[in-house]
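First comes the structure, then the notes that go with it.
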Amino acid sequence: MTAPDGSLTTLQARYGVAIPVDRGHELVIVNTHGTQAIDAWALNRANLNEFLSMEHTRSRLSRVIPRVGDTMVSNRRAPMLTLVEDTSPGVHDTLLCACNPEIYREHGCPEGHRSCEGNFHEALSQQGLALGCTPAPFNLFMNVAVGSHGEVLRAAPVSKPGDRLRFRAEMDVFVVLSACPQDVTPINGDDCTPRDIQYAVL
Ligand SMILES: [Zn+2]
């Protein structure tokens, strides 16, 4: 858990965590090594069936990627998280699903390869919680673009070591973070090596 003074806690590469953030408080997420993609979710602590929704956020913002000052909304269109700081070039993804066991099976990885979907449910269960679905994540620092002919283009992150995002909670939430375990494609950097990240609640 985060220290009371707001000092940074490390989230181990390939793992997830569910972090309680009270309304009005802020969560800082640091890309410690620079090229780690982080799948992020937020859930209403009073009703887990209300969660941060990529499709509702794209509709609300009329943008594919939130910018500083934008408030992301839930599947009930209620304000959940406001992006208040982004020291990276602002390349994030709201289009792609979390990686899951089936993707790694398609890649030919051994059974049991960790995944963001598995991390999401594992992190909730560590809080004594469960959700019967996997919402679409906000993929922090993940470099996904749409080509001129509608292609989905994946590339290594353009963030740098120490780049950070800061979100303000607009309701009492659990934020779930997954340091993406993808080690087959360059989505976590050209060396295909998942790395630790850090976070703090302020
Ligand atoms: Zn992943």
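Working from Cα pairs under 8 Å separated by at least six residues, relative contact order for the stretch 9-201 is 44 percent. The apolar share of the surface of the chain, taken as the fraction of accessible area on carbon and sulfur atoms (1.4 Å probe, ligands and nucleic acids excluded), comes to 49 percent. Reducing the stretch 114-170 and the stretch 3-58 to their Cα centroids gives an inter-centroid distance of 10 Å. Work out how much length Ala130 to Arg76 would gain on full extension: take 0.36 nm times their residue separation and subtract the Cα-Cα distance, in nm to one decimal. My answer for the length gained is 17.5 nm. Between Arg60 and Leu202, residue separation times 0.36 nm minus the direct Cα-Cα distance comes to 48.4 nm.
Taking the chain, how much of its Cα-Cα pair set, in percent, is spaced more than 30 angstrom apart? So the portion of pairs separated by more than 30 Å is 13 percent. Rounded to the nearest 500, the 222 nm mean residue ellipticity of the chain from helices alone is -3500 deg cm²/dmol, with -39,500 (n - 2.57) taken per DSSP H run of at least 4 residues.
A simple spin-label model places pseudo-atoms 7 Å from Cα toward Cβ; at Cys109 and Arg154 they are separated by 1.0 nm.
Of Tyr104, Thr185, Val68, which is farthest on the positive side of the dipole of the stretch 9-201, counting Cα position, with +1 on Lys and Arg Cβ, -1 on Asp and Glu Cβ, and the Cα centre as origin? The one lying farthest along the dipole's positive direction is Val68. Take the Cβ atoms of Asp190 and His25, set R0 to 41 Å, and the FRET efficiency comes out at 0.70.
Averaged over its residues, the stretch 9-201 has an accessible area of 43 Å² per residue, based on protein heavy atoms and a 1.4 Å probe.
The values are calculated or read from the model by the stated rules, or taken from the named source; none is laboratory data. Since this is a predicted model, take the numbers as computed values, not measurements. When we count neighbours, we look across all protein chains shown, and the Cβ atoms used for this are built from the backbone with ideal geometry, even at glycine. Surface areas here come from the heavy atoms of the whole protein model, side chains and all, with no ligands, DNA or RNA. Shrake-Rupley method; radii C 1.70, N 1.55, O 1.52, S 1.80 Å.
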